[in-house]
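No lab work stands behind these numbers, since they all come straight from the coordinates. These figures come from a predicted structure and were not determined experimentally. Every residue, glycine among them, receives a Cβ derived from its backbone with ideal geometry; neighbour counts consider all protein chains shown.
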Amino acid sequence: RKEVEQDPGPFNVPEGATVAFNCTYSNSASQSFFWYRQDCRKEPKLLMSVYSSGNEDGRFTAQLNRASQYISLLIRDSKLSDSATYLCVVKRTSGTYKYIFGTGTRLKVLA
Amino acid sequence: DAMVIQNPRYQVTQFGKPVTLSCSQTLNHNVMYWYQQKSSQAPKLLFHYYDKDFNNEADTPDNFQSRRPNTSFCFLDIRSPGLGDAAMYLCATSLGLQETQYFGPGTRLLVL
């Protein structure tokens, strides 16, 4: 079982739709959580950190559920420019700090 | 202005011919990382430097080496590239081990 798991998608949604992704992690030593966005053949870019209380940045909302060991990303009012792969990243500290990446969820927003 | 720079963006090499990928940063970050990402897969950490302290991941093949001559530069050396080493190689930096990582644009390596 992978330490960080995501549904690879693709999620095909119409413009204006609301879409949500989940990511589960298996290591309870996980300390910090992030969503990165990666466009095709480009580098990952930090979208947002995920805090225990949940956090919002414009149309994007991230939540963390430590008890069930998952994080989520909600995108409201999807734009064509939101089409990308969304990588879930977990940082853990068992021995050394390390980023563990999920394989990503592909989102396609359709006109 | 680019903060993490990788050159070249595309690199073609021959099977078994040594190749070096470079990364530089203008952020004065202490930590530099090298990741390998294959198509539709997650980035996989190869190793990182905290200042001059080198940390190799246990499953990184010996074929991959790294050098960090100064704070700004870090190199990835692939001694004898195989066809399976074709991938995107991503450099990242962070101020400290606990801080957010910032990625360069990557170098896409093709092995013929």
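General remarks:
- In summary, the aspartates and glutamates within cross-link reach of A:LYS79, defined as a Cα separation below 18 angstrom excluding same-chain residues under 8 places away, comprise A:GLU15, A:ASP39, A:GLU56, A:ASP57.
- Partnerless Cys - chain A, beta-carbon criterion under 4.7 Å: A:CYS40
- Convex hull per residue volume in Å³, alpha carbons only, for the range B:1-49: 118 Å³
- Residues in the range A:99-111 carry Karplus couplings, in order, of 8, 10, 9, x, 7, x, 10, 7, 10, 10, 9, 9, 6 Hz; the curve used is 6.51 cos²θ - 1.76 cosθ + 1.60 with θ = phi - 60°, and Gly or Pro positions show x.
- Distance cut-off 27 Å, percentage of C-alpha pairs in the protein assembly as shown lying past it: 34 percent
- Whether the range A:29-111 is rounded, prolate or oblate, judged on the alpha carbon gyration tensor where a/c under 1.5 counts as rounded: oblate
- For the listed residue pairs A:LYS2/A:LYS91; A:LYS45/B:LYS17; A:LYS2/B:LYS52; B:LYS17/B:LYS38; A:LYS42/B:LYS52, the alpha carbons are over 25 angstrom apart in A:LYS45/B:LYS17; A:LYS2/B:LYS52; A:LYS42/B:LYS52.
- Between the alpha-carbon centres of the range A:57-78 and the range B:1-70 there is a gap of 31 Å.
- Burial ranking of peptide ranges A:52-65, B:63-76 (average Cβ count within 10 Å, highest at the top): B:63-76, A:52-65
- Shape parameters for the range B:22-77, alpha-carbon atoms, Rg then Dmax in Å: 11.4, 33
- Take each residue of peptide B:39-49, count the partner chain Cβ atoms within 10 Å of its Cβ, and average: the result is 4.
- Radius of gyration and maximum dimension Dmax of the range B:26-112, Cα, Å: 12.6, 38
- Partners for A:LYS98 among aspartates and glutamates (Cα-Cα distance below 15 Å; same-chain residues under 8 apart left out): A:GLU3, B:GLU57, B:ASP59, B:GLU99
- Segments A:71-83, B:30-42 sorted - mean Cβ within 10 Å per residue, highest first: B:30-42, A:71-83
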